Structures are given as structure tokens and as C-alpha cells.
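Engineer: Can you keep this structure in mind? I'll have questions shortly.
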Amino acid sequence: MRLTRYLKPPQVRMELETTMPEEKPEEWSESRFLWSIKSAILQELVGLLDASGRISNPKRLFTDMENRERKATTGVGKGIAIPHVRTMQAKDFTLCFARCTPGIYFGSLDEEPVHFFFGVVAPPYKDKLYLDVYKKIAQVFGTGEARTALFEAANEHEVIKIVSAFDE
């Protein structure tokens, strides 16, 4: 399985536009504050996924991704989050990648900031590929060597090259 088959330069963002706010608004609960950050990140990822041309309705995809995230965090730890969903909004399997160099809270299992986001979407009938890719991303990019390479990548093409190098 070649992940780079599903990851093209328009689906890679070298730095998230979403940043960690200095402080939460006084009237907001901690939960609302954290969900506002998660929602903004998911919205960015949906935009990258939509750039693949394989998404039928980005607004519905965002709702599906947010609903999936509410079930359980997709922050797997070691600075990685893999927001994923099987949805009718996906015409075919697709990926996206976004980096957040300073790190951002995403409610990861290890409660550490997330630096790398891999968005994964598939139609409901692509179960095996969906699960295989999710597992491969978690295994490969859970290594220090792979994460260091992603930190050092200078552009979208280098990210894709790194994914390809570790995708064997």
C-alpha cells in the first residue's frame, strides 16, 4: 500500500493556521474552549481533504468528522492525531497532512500537544483500506525518526517524499 497514492501537494499544509489562543474567554467552559480549537483544526483538515476532489459535501464531512471526534479523541499520542471517518461524503479514500510546529492541544491520549495531523476519510465500503492506513500511519509516524523528518520538511513535496520513504 502506497500512502502517497492518496496524498498530493494540495492536501498538505506546512503549518496550521489554527493556533492555541493565549487564554480562554472567561464566559466559556474549558470544554467549550477546547472544542473551539478542535473544530477549527477539523475545518482546516476538511479543506485539505476537499482539495483532493474526492469529497462530495465538505460541510457534511466536517459534521461527520466532528461527530467522530466527539466519540473518542483521534489524538493517538507522540504528537500525532489521525482524525478519521468513514462517510458517504467521501467519493473515494483520501488523506491530508498538516503540521503544527509549536504543537496544539487536541485532547490526545497522552495529553501532549499535537504536531502532526493526518486526516483520513473513506466511503463506508472501504473498511479494510481505511483500517490498514490508520494502523500504518500510527505505527510509522510513531517513531522518532519519522517525526524528526516531518519537523525538518521544508515544503509539501518533502512531506510527500518522507511519507513515501517510510511507506515501505
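Engineer: Hey, can you tell me all the residues within segment 115-135 that are of a type outside the set (Asp, Glu), out of contact with any helix residue (DSSP H, G or I) (no Cβ under 7 Å at 6 or more places or on another chain) and assigned to a helix (DSSP H, G or I)?
Structural biologist: Of everything in segment 115-135, those that are of a type outside the set (Asp, Glu), out of contact with any helix residue (DSSP H, G or I) (no Cβ under 7 Å at 6 or more places or on another chain) and assigned to a helix (DSSP H, G or I) turn out to be Lys128, Leu129, Tyr130, Leu131, Tyr134, Lys135.
Engineer: Take segment 49-73 and flag every residue that is among the charged types (D, E, K, R), open to solvent by 50 Å² or more (accessible area, probe 1.4 Å) and part of a helix (DSSP H, G or I).
Structural biologist: Across segment 49-73, the qualifying residues are Asp50, Lys59, Arg60, Arg68, Arg70, Lys71.
Engineer: Let me ask you something else. Are any residues in segment 74-94 open to solvent by 20 Å² or more (accessible area, probe 1.4 Å), within 28 Å of Gly144 (Cβ to Cβ) and part of a loop (DSSP other than H, G, I, E, B), and if so, which ones?
Structural biologist: Lys78
Engineer: Checking Val46 against (1) in contact (Cβ under 8 Å) with a residue 40 or more places away in the chain; (2) surrounded by fewer than 16 Cβ atoms within 10 Å (Cβ to Cβ), which single condition isn't satisfied?
Structural biologist: For Val46, the failing item is (2).
Engineer: Can you tell me which residue in segment 138-167 is modelled with the highest pLDDT, limited to those that are crowded, with 17+ Cβ neighbours inside 10 Å and touching a Pro at 6+ places or on another chain (Cβ under 8 Å)?
Structural biologist: Glu156
Engineer: Looking only at residues that are among the aromatic types (Phe, Trp, Tyr) and open to solvent by less than 60 Å² (accessible area, probe 1.4 Å) in segment 99-133, which one is modelled with the lowest pLDDT?
Structural biologist: We begin by selecting, within segment 99-133, every residue among the aromatic types (Phe, Trp, Tyr); these are 105-106, 116-118, 125, 130.
Imposing the further condition that a residue be open to solvent by less than 60 Å² (accessible area, probe 1.4 Å) reduces the set to 106, 116-118, 130.
Numbers: Phe106: 93, Phe116: 97, Phe117: 97, Phe118: 96, Tyr130: 83.
Once the filter is applied, the top-ranked residue is Tyr130.
The values are calculated or read from the model by the stated rules, or taken from the named source; none is laboratory data. Only a predicted model underlies this, so the values are computations on that prediction, with no experimental measurement involved. Neighbour counts are summed over all protein chains in view; Cβ atoms, including those assigned to glycine, are modelled from backbone coordinates with ideal geometry. To get the accessible areas, we keep the full protein, side chains included, count just its heavy atoms, and leave off ligands, DNA and RNA. Shrake-Rupley method; radii C 1.70, N 1.55, O 1.52, S 1.80 Å.
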